[in-house]
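See below for the structure under consideration.
The values are calculated or read from the model by the stated rules, or taken from the named source; none is laboratory data. Just so you know, these numbers come straight off a predicted model, no measurement behind them. Cβ atoms come from the backbone with ideal geometry, glycine included; neighbour counts cover every protein chain shown. With ligands, DNA and RNA removed, areas are computed over all heavy atoms of the protein, side chains included. Shrake-Rupley method; radii C 1.70, N 1.55, O 1.52, S 1.80 Å.
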Amino acid sequence: MNCTTGSSMPLVSYCIPAYNHAKYVGACLKSILAQSYPNIEVVVFDDCSTDSTYEIVRSQSDSRIRVYRNSINVGPGETVNRCIRMAKGEFLAVSGSDDIHLRDKTALQVEHLFANPKVGAVFSTPVFIGPQGESLTRRQYSDLPVFPAFNADKVVIFQELLRRGNFLLAPSALIRRSVIERVGFFDPGLIQLQDYDYWLRVAVDNDLFVMDQPLVQYRMMLNGSNLSSENEASRNRHHFELSVVYEKLAAPVYEGESAQQVAVRRALMLEALENLHSREVLNFRARVLYHRISGGVADHSGASMTTYRQLISDNAIFSDRNPLVDFVDKLRRYARKKIVRNT
């Protein structure tokens, strides 16, 4: 089916949680409304911006835009959930209010989803731009995040997300409504890792695909103001939220999941995290192994007991701040980036 022509094209909803992007939101909306795929709506929720973001969106005359405003600042996860609740589309895209979508993004992604019914969400690689729309290259900025066109089956994707961290670009995603209805909403309690948490939950039961072409211009502020920027506040959020993400994945993700299904996922997680040594990982592995052996230690679980004893004897699990572990963790993140760039 060619889903870029004909009268039965599914509606695509662009969901935009907006906050203090008066300089950029107009260009973001313009890029969406100019998509070559015409059957689009845009749902914008302003999260109590202190600049003129809300007024700029309201001033748009295109009937495809619907704009709402939160009465209090509720954060990115809750704001995007409110967008999703108001969206009417069969496919949903979540965009930052400062990102630019290339003209054929929607058409190419809808076509891919129609051709591959087992794929729950499709992503793309990005082009990086700066505050003024200038092109950013890795030669200029070696610490730019890495979003490769890595594709594999859902089990491998799930484990690689755990090993590498988030390599899926949220503003490039187009998601089936049926997947959202099964997975549920973004976690409002996560401020920094809400995207990572969501892609892991989606990957539990869905194939994902990353198109090997840039379909989004992803804006980087270069001053530490991106939520995921490498600074003290970001590291603190990351440590706390990562432990929350692991705990959620170790419990039922979907309604009606059996204990056996959860046990299989825990085993996949332990395998993926085996060679990672951050405090969050060590804590998580120790707790999962505790649950595995707490009902009794059989002959086949002797190795679990040995590993468990070693983990709970490791000071890194209990230390509030272990400089050596932090340093090693930083080296591992750098090494993973280098490995991904070369794959």
Label region 17-63 by shape, choosing from rounded, prolate and oblate, from the square roots a ≥ b ≥ c of the eigenvalues of the Cα gyration tensor; if a/c is under 1.5 it is rounded, and otherwise prolate applies when a/b is larger than b/c, oblate when it is not.
prolate
Of Gln217, Ala170, Ser36, which is farthest along the charge dipole of the chain in the positive direction, counting Lys and Arg as +1 and Asp and Glu as -1 at C-beta?
Gln217
Given the options Glu78, Glu280, Glu134, state which has the largest fluctuation in a GNM of the chain using a 10 Å cut-off (strictly under) for Cα springs.
Glu134
Gain upon complete extension [Ala303, Ala233; 0.36 nm per residue less C-alpha separation]:
21.4 nm
Considering only C-alpha atoms, what is the centroid distance from region 92-125 to region 183-220, in Å?
12
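Count charges around Cys28 for me, please; just the other residues with Cβ under 10 Å from its Cβ, Lys/Arg as +1, Asp/Glu as -1.
Net of charged neighbours comes to 0.
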Could you work out the per residue convex hull volume over the alpha carbons of region 58-194, in cubic angstrom?
161
Per residue, how large is the accessible surface of the chain? Use a 1.4 angstrom probe and give square angstrom.
48
Which order, highest average first, do 67-73, 18-24, 34-40 follow once you tally other Cβ atoms within 10 Å for each residue and take the mean per peptide?
18-24, 34-40, 67-73
Roughly speaking, what is the centre-to-centre gap between region 36-74 and region 132-171 when only Cα atoms are used, to the nearest Å?
28
Given charges of +1 on the Cβ of Lys and Arg and -1 on the Cβ of Asp and Glu, with all other atoms neutral, how large is the dipole of the chain about its Cα centre, in debye to the nearest 20?
360
How high is the relative contact order of the chain, given as a whole-number percent (alpha carbon pairs under 8 Å, six or more residues apart)?
17
Stretch gain in nm, segment Val264-Ala115, where the contour uses 0.36 nm per residue and the Cα spacing is subtracted:
50.6 nm
Given that just one value was derived from the coordinates, which of [x] 32, 24, 21; [y] 36, 23, 19; [z] 49, 18, 16 is semi-axes √(5λ) of the Cα gyration tensor in Å?
[y]
Sites matching trypsin sites (Lys or Arg not before Pro) across region 93-135 that sit in DSSP coil, with at most 14 neighbouring C-beta atoms within 10 Å:
Arg103, Lys118
Carbon + sulfur, % of accessible area of the chain - ligands and nucleic acids excluded, 1.4 Å
52
Candidates per trypsin sites (Lys or Arg not before Pro) in region 131-170, loop by DSSP, up to 14 other Cβ within 10 Å
Arg138, Arg139
per DSSP, antiparallel bridges as share of beta bridges in the chain, % nearest 5, sits at 25
